[in-house]
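Beneath this line is the structure, given in structure tokens, with notes to follow.
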Amino acid sequence: MPEIGEVDVSRLLALTTELLLANPYGFLITSAADGQSHTRLVHHLRADVEAELWFGTSPRSRKAVEAASTRQAAYAVEDRGRFAYVVLYGPIEVIDDIGTRESMWEEGLRTFFPSGPLGDDFVLLHLIPTRVELMTFADGIHPDPYGLLPAAAERARNGWATVAADRSP
């Protein structure tokens, strides 16, 4: 089993994408201008191989207002069956472009947004992670003996690179 520092970044990103696709619900964390964090369970509409995420929401929701204000977020997903989790950190922006709203639309959203993707009460949030932290016991991505630190990667100018997980002194 590889040590955390030896986790291949392409494997880390592939497992991240796999976890996101298998678990479409997670916790989106945004912060208000005063620094107060807010967490809510949300459904991500799409996740791609670069771990970019899309969420649908109302432009008047607290998450949209905070995303527009602080432009930073975190998103955490758990896969209990694999004893795994992933957390993605990075900039988030509100996307109001009609074409993009239409392309991301899922018909199940109509319950919350009766006017559909063209309505005034539907926008997208787009999270482009700059840091990913992953732990998955089923895939051997954990330090021995108890999994106290995740594997981590950060986006650089030339792509992703593994980095040491944060640990308080």
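Using C-alpha pairs below 8 Å separated by at least 6 residues, the relative contact order for the chain is 23 percent. Label-to-label distance, S58 versus T100, with points set 7 angstrom from Cα along the beta-carbon direction: 2.2 nm. Note that region 92-99 has calculated 3J(HN,Hα) couplings of 10, 9, 8, 10, 10, 4, 4, x Hz, one per residue in order, obtained from phi through the Karplus relation 6.51 cos²θ - 1.76 cosθ + 1.60 (θ = phi - 60°); glycine and proline are x. The modelled label-to-label distance for the pair T39/A138, using points 7 Å beyond Cα in the direction of Cβ, is 2.2 nm.
Rounded to the nearest Hz, the phi-derived 3J(HN,Hα) couplings of region 121-131 under the Karplus curve 6.51 cos²θ - 1.76 cosθ + 1.60 (θ = phi - 60°) are 9, 9, 9, 10, 10, 10, 9, 10, x, 10, 8, where x marks glycine and proline.
To the nearest 10 degrees, how steeply does helix 9-22 sit against the main Cα axis of the chain, on a 0 to 90 scale? Helix 9-22 sits at roughly 50 degrees to that axis. Phi angles across region 104-112 convert, under the Karplus curve 6.51 cos²θ - 1.76 cosθ + 1.60 with θ = phi - 60°, into 3J(HN,Hα) values of 8, 4, 10, 4, x, 6, 4, 4, 8 Hz, Gly and Pro given as x.
The region of the chain that goes longest without hitting one of the chymotrypsin sites (Phe, Trp or Tyr not before Pro) in a DSSP loop, each with at most 12 other Cβ atoms within 10 Å, is 1-111. Taking the 1.4 Å solvent-accessible surface of region 1-160 as the whole, the part contributed by carbon and sulfur is 54%. Given region 10-54, what whole percent of its Cα pairs are spread farther than 12 Å? For region 10-54, the fraction of Cα-Cα distances above 12 Å is 64 percent. Taking the structure as given and computing semi-axes √(5λ) of the Cα gyration tensor in Å, which label from (1) 37, 16, 14; (2) 30, 17, 14; (3) 23, 18, 15 fits? Only one listed value fits the structure, namely (2). For Y25 paired with S10, estimate the spin-label separation in nm (one decimal), with each label point 7 Å from Cα along the Cα-to-Cβ line. Here the modelled spin labels are 3.5 nm apart.
Close amide-amide hydrogen proximity is noted between N23 and no other residue 5 or more places distant or on a separate chain, at a cut-off under 5 Å (H modeled in the peptide plane; Pro and chain starts excluded).
The values are calculated or read from the model by the stated rules, or taken from the named source; none is laboratory data. Model, not experiment: these values are computed from the prediction. In this analysis, Cβ positions are derived from the backbone assuming ideal geometry, glycine residues included, and neighbour counts consider all displayed protein chains. Just the protein is used for accessible areas: all its heavy atoms, side chains included, with ligands, DNA and RNA removed. Shrake-Rupley method; radii C 1.70, N 1.55, O 1.52, S 1.80 Å.
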